[in-house]
């Protein structure tokens, strides 16, 4: 009898824990991509576009800029220079 009660309590606690974890994951994932931006960079005769999502417009633009520059720049100096280049196109949704 004691064993049955303990198993029932363990099952209830496991179910509550699982529901809490699912709730936390859903809550966190709903706020991640509040703003989504597409950024195009023209750098040294090459052009690349990338899309990123973040909580703020500035974060999304910076992330998309870094991603776009990753494939058209080579080395640290080029990456820094490309990252400082004004994007030729920026469009955001969810602002």
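The values are calculated or read from the model by the stated rules, or taken from the named source; none is laboratory data. What you see is a predicted model; the values in this text were computed from it and never measured. Here the Cβ is made from the backbone with ideal geometry for all residues, glycine too, and neighbour counts use every protein chain on show.
Of the residues making up region 41-57, those that are out of contact with any strand residue (DSSP E or B) (no Cβ under 9 Å at 6 or more places or on another chain) and over 13 Å from residue 89 (Cα atoms) are 44, 45, 46. Residues in region 1-40 that are modelled with pLDDT of 65 or more and either touching a strand residue (DSSP E or B) at 6+ places or on another chain (Cβ under 6 Å) or closer than 30 Å to residue 84 by Cβ (or both): 34, 35, 36, 37, 38, 39, 40. Restricting attention to region 79-90 and to residues that are in contact with a helix residue (DSSP H, G or I) (Cβ under 8 Å, 6 or more places away or on another chain) and part of a helix (DSSP H, G or I), the residue that is surrounded by the most Cβ atoms within 10 Å (Cβ to Cβ) turns out to be 82.
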